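Encoded as structure tokens, the structure appears first; notes follow it.
Read-outs: derived from the displayed coordinates by stated rules, not from any lab. What you see is a predicted model, and the numbers here were worked out from it, not measured in a lab. No Cβ is skipped: glycine too gets one built from the backbone with ideal geometry, and neighbour counts run over all protein chains shown.
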4 protein chains.
Amino acid sequence: MIGIGVIGAGRIGRIHAGNVAASGRARLVAVSDALESAAASLADELGTKATTRGAILADPTVGAVLICSPTDTHADFIEEAVQAGKAVFCEKPVDLSSERIRACLATVEKTGKALMIGFNRRFDPNFAEAKARIVAGEIGKVELVTILSRDPGPPPIEYVKRSGGLFRDMMIHDLDMARFLLGEDPVEVHAVASCLVDPAIGQAGDVDTAAVLLKTASGKIAQISNSRRATYGYDQRLEIHGAKGLVRAQNVPLTTVETANSHGFRSDPVLPFFLERYAAAYRAELSAFLDCIEKGVAPSPSGMDGLKAQILADAATESATSGRPVHPIY
Amino acid sequence: MIGIGVIGAGRIGRIHAGNVAASGRARLVAVSDALESAAASLADELGTKATTRGAILADPTVGAVLICSPTDTHADFIEEAVQAGKAVFCEKPVDLSSERIRACLATVEKTGKALMIGFNRRFDPNFAEAKARIVAGEIGKVELVTILSRDPGPPPIEYVKRSGGLFRDMMIHDLDMARFLLGEDPVEVHAVASCLVDPAIGQAGDVDTAAVLLKTASGKIAQISNSRRATYGYDQRLEIHGAKGLVRAQNVPLTTVETANSHGFRSDPVLPFFLERYAAAYRAELSAFLDCIEKGVAPSPSGMDGLKAQILADAATESATSGRPVHPIY
Amino acid sequence: MIGIGVIGAGRIGRIHAGNVAASGRARLVAVSDALESAAASLADELGTKATTRGAILADPTVGAVLICSPTDTHADFIEEAVQAGKAVFCEKPVDLSSERIRACLATVEKTGKALMIGFNRRFDPNFAEAKARIVAGEIGKVELVTILSRDPGPPPIEYVKRSGGLFRDMMIHDLDMARFLLGEDPVEVHAVASCLVDPAIGQAGDVDTAAVLLKTASGKIAQISNSRRATYGYDQRLEIHGAKGLVRAQNVPLTTVETANSHGFRSDPVLPFFLERYAAAYRAELSAFLDCIEKGVAPSPSGMDGLKAQILADAATESATSGRPVHPIY
Amino acid sequence: MIGIGVIGAGRIGRIHAGNVAASGRARLVAVSDALESAAASLADELGTKATTRGAILADPTVGAVLICSPTDTHADFIEEAVQAGKAVFCEKPVDLSSERIRACLATVEKTGKALMIGFNRRFDPNFAEAKARIVAGEIGKVELVTILSRDPGPPPIEYVKRSGGLFRDMMIHDLDMARFLLGEDPVEVHAVASCLVDPAIGQAGDVDTAAVLLKTASGKIAQISNSRRATYGYDQRLEIHGAKGLVRAQNVPLTTVETANSHGFRSDPVLPFFLERYAAAYRAELSAFLDCIEKGVAPSPSGMDGLKAQILADAATESATSGRPVHPIY
């Protein structure tokens, strides 16, 4: 069984570390965090050891690392890890600068080590099944993709300020999903955005409501909408139209219970946020990463997928600001 | 075009007369009612004439009559009409006494005239489609039928007193539907019933909540439940299980609109009562009756279907009263 | 009862004339058509008379006309009719040239006669209910509108050539709906479009798949997608997000029947095309027009609504062609 | 943390032992099985020890046992365990003889130890939520309960022969659920049953398709239907009608993905069988048992619930055989 080190013991690091521990396929060797107490607490909970990043990278029993530290450390840590001979799974985004990502990927390539990027939604059982049906030809050639993604509420303003903006922080997932579903890179990006949910977000220079229109070279179209507000849960849906029909993935409700009275029928809100909605996705994502290591499968989403999503997020940011479409260069 | 006379200008007579007038396939020659003003008002509305039942039966331009008068007149009027050479459509039930029905059907048979009974639900587009899929073999051999039927609210107590009781007045429709879906006659009837909705119904000697369990000779099973109360509209559903799968027909909502907020998703109540839910069924029923006349198709539901449903309603009434199963003899 | 003349006895003229005849609120005085036999056949069917447009306009018993003739006659016929003192209902669009529409509306204004434009979808019971819930404040302030509209299949190429293009022929309905739901005029229009369904449409200079992104001055956003293909019926949906929740209107299925087997659950395709889906909308639309005449209510959709939708359709056409956003001037 | 011993390492024992190990609330001290290798294999997998039942009962660190052995050992093992001072969770049924259950419960009562019975469905999040809404008064006083339960396919014939028959083996869950939802004991039981799925089941003296009608002293009604066949997954639904409305719990689909084409819309089969459908229920059930031990809450479902369900299953068996209703005495 491969030994795994987890770098970063925050919210997402805890999810991945827990999944490693319960996987039955890999051994959780150690966890590290800039905040020692966070690493210690997580290690204690999972029956593993807390140590430093350096020690993890130096440990020959560690075959792979999961990078779950803050965004501005991702590119450096990826480079250190591949140079230390580890396979790497890194949470999105690789970096907020696409130039930095390009340099990082070049370094990775030289080492020949595997790098997989954490676009977890590709592994959601519902979205993965939708993709599988497209691949199986059930709807014919893809023509139009619609992705809707709404957070239950806005993040803290401090988070917003460091986030790179809605397109790079939130919509980047949907931009990756659009590429995943279109099977082709967008060449034209139109974005509009507003601050309608919380004026403080606008004062911080960001937006909270946005929509994007994408077009590929062959003429396929994608629409994405985002909002930092959804009163009925974490809204995550997609619908794809092809020459032969449509496939769509709906939300997952809290329960299947309905009540009816003179006001009609009431069914449940959808799962509240990503921890609940994407619990299975995080497990499947880890499993896919372990497949890469064990079977030599090419990592997917790859570093290049991470770069292209970032380029699209930059393009959307620029379009929303300038009011003009942007033609991304990958 | 065949000439039609409508006998009875009450609520159901008005529906049928209006459908004849708008059918484009038959001519509404005249309407009659024991209450002259009711006939006059309906005739005026539809641009036809009001007359007496006798005049309708004597009119050689009338080829068929629709009997929509009170239940206790049905058997007599059917006999008069077939003896006058008319094809007859009669609202259910033929009579509250199965002996009287047998005698009436014997008279009809002697004349060779067509008699069709108004079990309108067989013509509901949803229920008819469910039946068509059974006939097409989509679910294999039928094993278990569940029928649910709930009125939005109890009828007036005066109506209850004359109705023959819930099994003969309300469940008779579901008993006919069970035979229609099972494709076989029940040989064992278990019924339980209560007065839970309105004590006045109990004081009038009737029940308002009931369920029946039916078994056929080959072992097929049907369940029926009825209530005189449904806060969310007129609840009319059925589900049939066969060897290869299930088919079911759901209710029809007022609109397809949904709203969502922190309480979840709210969709509309279902169509409020039979006038709305079965509007299309009444039109299709008339069309089927005209097919009988024009094409010589055997009427369905037939007088025998009317008799058998009545026998089952009697059996259910007896079972609910005695607490013992009843084995109906047709 | 007001007397109505119907000008144009083609597909849509037949619908409106039939609805007038069955309305019980207005008298169908006469129908006309450039093709005399079309008018004669419709008149015969509905028990009214066929005549010329001139005779209709000269008839003092005609209080209002419904203009259902080809698009290029609309503006002229509107002007003639209002100058003849008639209230006018005119099918969309008023004209393919927004300048011609402006001139026509100026003429109408001078006469003070009522002019209502046939954006029938505002009267669909589902869409009207969605709007009513917005107006009632159920979802708070509107933030994001998504409209999806897909025809079951492409129209004949000859129709496409004369149609003014997908944005003016098909999406104009959705652009009007966006204004209706946003409660505000878009000031920024981004459009992308492709020919993915039928190469002959591209050869005719048109597109068959398109999406538009709209933004209003206050920052509200709307997304529209259109396709000339939908294998599962006529797809007509909308979803509106506001500060307090969402409201959406789904399609109407053929029946409520479902079957289940090892492949899962199958429910029906949606109503096949506009005649079925919007049958109730056309009746409600006529009823609204009669309300204008009888009660002096201001017509809605108004001529100005017709103009603004046309301006948006022009803007979308220009944006899709130029690849740049357009800022419409109303 | 309380120490737990698991007696029986078959399919259901493995589920419960795994849940104890992962609970974070209890310590899995040991597992035993008549088949030593089964216990050894499970112990190895969960990092605990395999031992004998005697050793578990003698171990002072074991505070509670989970009895997951064959049905015919349940009553004996319960008695041994409570006499050894352990709290007991026992899989349903306590015994196939209601007399033996009564004797067993008397023994339990003398020891004062907690006994909880494994009617897992009460803990399904959907069914538990339905019950919670009834308790909260959302539908008013309960009037009519409908429970549907269909296995995906028949069990092995050897299992059927030892099972006590469909009513005691399968419907006992639904009979418990009926009591749970009615909040009252049935006093009248009508059952019908057939062998429609597999003739071998009939040859073994059992049935595979059955329906029951229950009535309580206050007039509440319950309907249950069972089949050993469902091509679209493990069908587990319930619907409760009350004075103010209905509450129902639907199945859980494999995914939320739908496809549409000219045949209509296809959604997924439901979860395949109890391991998937009731995974969360088994965890919640264990949690409730631990609550009993830790907080002294009275166990629910109790031994008396186990007895009453068995009495109802006996009554249904007798009714289906005799063709007469049975009035159970508890």
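Principal axis extents of the C-alpha atoms in the protein assembly as shown (largest first, rounded to whole Å): 97, 81, 44. For the range D:148-157, backbone phi angles converted through the Karplus equation (6.51, -1.76, 1.60; θ = phi - 60°) give residue-by-residue couplings of 10, 8, 9, 6, x, x, x, x, x, 4 Hz, Gly and Pro being listed as x. Here the residues B:Thr209, A:Thr216, ranked from fewest to most Cβ neighbours within 10 Å of their Cβ, fall in the order A:Thr216, B:Thr209.
Between C:Arg100 and C:Ser262, the simple label model (points 7 Å from Cα in the Cβ direction) yields a spacing of 6.1 nm.
Amide H contacts of C:Gly140: C:Lys244, each under 5 Å away and 5 or more positions distant or on a separate chain (H built 1.01 Å from N in the peptide plane; Pro and chain starts excluded).
In order along the range B:266-274, phi translates into HN-Hα couplings of 10, 10, 6, x, 8, 3, x, 7, 5 Hz, rounded to whole numbers, per the Karplus curve 6.51 cos²θ - 1.76 cosθ + 1.60 with θ = phi - 60° and x for Gly and Pro.
Sorted from closest to farthest, the other copies place their D:Arg11 label points 4.0, 5.2, 5.7 nm away, with each point set 7 Å from Cα along Cα→Cβ.
Here's the picture: charge each Lys and Arg Cβ at +1 and each Asp and Glu Cβ at -1 in the range A:2-113, and of A:Gly3, A:Ala40, A:Ile78 the one pushed furthest to the positive end of that dipole is A:Gly3. Taking the helices alone, chain B has a mean residue ellipticity at 222 nm of -12000 deg cm²/dmol, built from -39,500 (n - 2.57) per DSSP H run of at least 4 residues and averaged over all its residues.
With Cα atoms defining each centre, the range C:44-97 and the range D:239-298 are spaced 60 Å apart in the structure. Can you give the FRET efficiency to the nearest 0.05 for A:Ser41 and A:Tyr330, using r as the Cβ-Cβ distance and R₀ = 35 Å? The pair A:Ser41/A:Tyr330 has a calculated efficiency of 0.25. Shielding value for D:190-199 is 5, the average number of Cβ atoms from other chains within 10 Å of each residue's Cβ. Inter-chain neighbour count for B:317-327: the average number of beta-carbon atoms from partner chains within 10 Å of each residue's beta-carbon is 2.
Run the reach check for D:Lys113 against aspartates and glutamates, Cα to Cα strictly under 12 Å, same-chain hits fewer than 8 apart removed. What comes back? Of all the aspartates and glutamates, those that pass the test against D:Lys113 - Cα under 12 Å, at least 8 places apart if same chain - are D:Glu79, D:Glu80.
When only alpha carbons of chain C are considered, Rg and Dmax amount to 20.1, 67 Å. For the rotational copies A and D, the chain A residue with its Cβ nearest the relating axis, together with that separation in Å, is A:Ala22, 4.
Entry note, the range B:2-113: relative contact order of 25 percent, from Cα contacts under 8 Å with a spacing of 6+ residues. Label point of B:Gly153 (7 Å along Cα→beta-carbon): distances to the other copies' equivalent points are 4.1, 4.9, 5.2 nm, sorted ascending. With the cut-off at under 20 Å, measuring from each backbone N in the range A:33-62 to a point 7 Å along the Cα-to-Cβ line of A:Asp76 picks out A:33-39, A:51-59. In order along the range A:47-55, the phi-based Karplus estimate (6.51 cos²θ - 1.76 cosθ + 1.60, θ = phi - 60°) of 3J(HN,Hα) comes to x, 10, 10, 9, 8, 9, 4, x, 5 Hz; Gly and Pro are listed as x. Give the long-range amide H neighbours of B:Val6: residues separated by 5 or more places, or on another chain, with amide H under 5 Å away, using H modelled in the peptide plane at 1.01 Å from N. Amide H to amide H, under 5 Å and 5 or more residues apart or across chains, B:Val6 pairs with B:Ala30, B:Val31, B:Ser32, B:Leu66. Cβ crowding within 10 Å, taken as a proxy for footprinting-reagent exposure, orders D:Thr259, B:Thr52 from fewest neighbours to most as B:Thr52, D:Thr259.
Within a straight-line Cα-Cα reach of under 20 Å, C:Lys244 can be paired with the following aspartates and glutamates, leaving aside sequence neighbours fewer than 8 residues apart in one chain: A:Asp151, A:Asp198, A:Asp208, A:Asp235, A:Asp268, B:Glu258, B:Asp268, C:Glu129, C:Glu138, C:Glu143, C:Glu184.
Here B:Lys161 is the anchor, and the lysines within straight C-alpha reach of less than 19 Å, apart from those fewer than 8 places off in the same chain, are B:Lys92. Placing a label point 7 Å from the Cα of B:Arg100 along the Cα-to-Cβ direction, the distances to the matching points in the other copies come to 5.8, 7.1, 9.1 nm, shortest first.
Shown for chain B are the DSSP H helices of 27 Å or more along their axis, judged by Cα atoms, with a mean Kyte-Doolittle hydropathy of at least -0.5: B:303-322.
Over the range C:1-117, the fraction of Cα-Cα pairs per 5 Å bin, rounded to whole percents and listed from the shortest bin up, is 2, 14, 25, 25, 19, 10, 4, 1.
What FRET efficiency would be calculated for the residue pair D:Ser218, B:Ser23, taking the C-beta separation as r and a Förster radius of 56 Å, to the nearest 0.05?
Once rounded, the FRET efficiency stands at 0.65.
Note on B:131-138: average number of Cβ atoms from other chains within 10 Å of each residue's Cβ is 1.
Springs join every pair of Cα atoms under 10 Å in this Gaussian network model of chain B, and among B:His190, B:His263, B:His241 the largest mean-square fluctuation is at B:His263.
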